[in-house]
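I have placed the structure first, in the form of structure tokens, so that the comments after it can refer back to it.
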Amino acid sequence: MRFSEHGRRPCGRTGGRGHTGGCDPQSGDAQIWLISNNAVKAEQTLTAPATTTWRIVGTGDFNGDGNADILWQNTSTGAPIIWTMNATTVTSQTTLANPGSSWSAVATGDFNGDGNPDILFQNVDGTPMIYTMNGTSVSATTLLPDPGSSWHVAAVGDLSGDGDSDIVFQNTDGTPQVWLMNGPTITAAALLADPGSSWKLVGTADFNHDHDADLLFQNTGTGAPMIWTMNGTSVTSQTTLASPGTGFTLIGAGEYNGGTQRELLFQNNSTGAPVIWTMNGTSVTGATTLPSPGQAWHANAG
């Protein structure tokens, strides 16, 4: 879960299974909430590496200890840093090779199926790049074809169920595009139907338990969420959910009640309070409002 002041650029994301977190753009600090049964069990504020030019851009279990670690990037220089974590405690800090200030770290995912999270960057010209990781060490760097500057990485997830993370882009006109990956190699690319520019692709999650990640959208006009269940590059169903209201931002999906279902995480734009929608597949079964961390914090789904 990530938090930032309204009108400011969100400063990043933290999380992991059963975790939420956030950051304060004024200080650059991060905050982690450990969630169980839709309740906050522990929370910790972490001090940013140095200045407010550092933002959290992703998480992943880089050292294989079962705890999600935090990936930072310096927005001025482009330098990435990994903080390995033991719940809310920082156990080590590793600075990676700097790709340059024109590259933004946009996601983490296991692109080669080796159990280690890799890092996906995108250049300002649209070109994606993968840092293949071995723990906190970069073992290879691969440039992918440039889809064009109007295509932005929106999410990463295993849409084909083969154990390798795939890349989902969204065009500025709203059209999604899926790249199925085998390591740093594109095995298939497909344009999906355009839902319209008012639908923002928020993330991926396996809502129907078929081992293929599904796509999660929110309508920027009405606030309504929409789930597209996927089989590789094919949309198998579309479900539009009731709108929580235009004052709620859909952050993403995570597991917060200790089960296997993916829940939806929203944040109230006025109060800052996070709201969890408990799901059964693509159906909403309940809603829980968590305490507000304050309007200066924006949430990120874990």
- Message: Please compute the modelled spin-label separation between S101 and S292, points set 7 Å along Cα→Cβ, answer in nm with one decimal.
- Response: 3.7
- Message: Quick check: net charge around T187, other residues with Cβ under 10 Å of its Cβ, Lys/Arg +1 and Asp/Glu -1?
- Response: -3
- Yeah, the chain with a ≥ b ≥ c from its alpha-carbon gyration tensor (a/c under 1.5 is rounded, else prolate when a/b outruns b/c, oblate otherwise) is rounded
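Under the 0.36 nm per residue contour assumption, what length would be gained going from the current alpha-carbon distance of T94 and D114 to full extension? Let's see the in-between values first.
Details: separation 20, 0.36 × 20 = 7.20 nm, distance 2.07 nm.
My answer for the length gained is 5.1 nm.
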- Using a basic spin-label model with each label point 7 Å from the Cα along Cα→Cβ, how many nm lie between A190 and T172? 2.8
- Going by a ≥ b ≥ c, the root eigenvalues of the Cα gyration tensor, does segment 93-169 fall in the rounded group (a/c under 1.5), the prolate group (a/b larger than b/c) or the oblate group? oblate
- Task: Only Cα pairs under 8 Å and at least 6 apart count here; give the relative contact order of the chain as a rounded whole percent.
- Result: 15
- Query: Peptides 156-168, 238-250: what's the order by average Cβ count within 10 Å, highest mean first?
  - Reply: 156-168, 238-250
- Message: Apply the a/c threshold of 1.5 to the C-alpha gyration tensor of segment 56-132 and tell me whether it is rounded, prolate or oblate.
- Response: oblate
- Give me the number: length gained by fully extending S198 to V40, i.e. 0.36 nm times residue separation minus the C-alpha to C-alpha distance, one decimal in nm. 53.6 nm
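On a 1.4 Å probe surface of the protein chains, which of E43, E255, E263 comes out largest in accessible area, and what is the full order? Please list the in-between numbers first.
On the way: E43 110, E255 30, E263 0 Å².
Largest to smallest exposure gives the sequence E43, E255, E263.
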- Note on the structure: Per segment 45-191, sqrt(5λ) over the Cα gyration tensor eigenvalues, sorted largest first, in Å, gives 25, 18, 13
- For S150, placing the label point 7 angstrom along Cα-to-beta-carbon and taking segment 179-204, residues whose amide nitrogen sits under 13 Å are 197
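Which net charge results for the neighbourhood of Q261, defined as the other residues with beta-carbon distances under 11 angstrom from its beta-carbon, given Lys and Arg at +1 and Asp and Glu at -1?
Working: positive: R262; negative: D206, E255, E263.
Local net charge: -2.
The values are calculated or read from the model by the stated rules, or taken from the named source; none is laboratory data. The model shown is predicted, which means the values in this text are computed figures rather than measured ones. Because the Cβ atoms are built from the backbone with ideal geometry, glycine has one as well, and the counts that use them run over all protein chains shown. Side chains included, ligands, DNA and RNA excluded: accessible areas come from the protein's heavy atoms. Shrake-Rupley method; radii C 1.70, N 1.55, O 1.52, S 1.80 Å.
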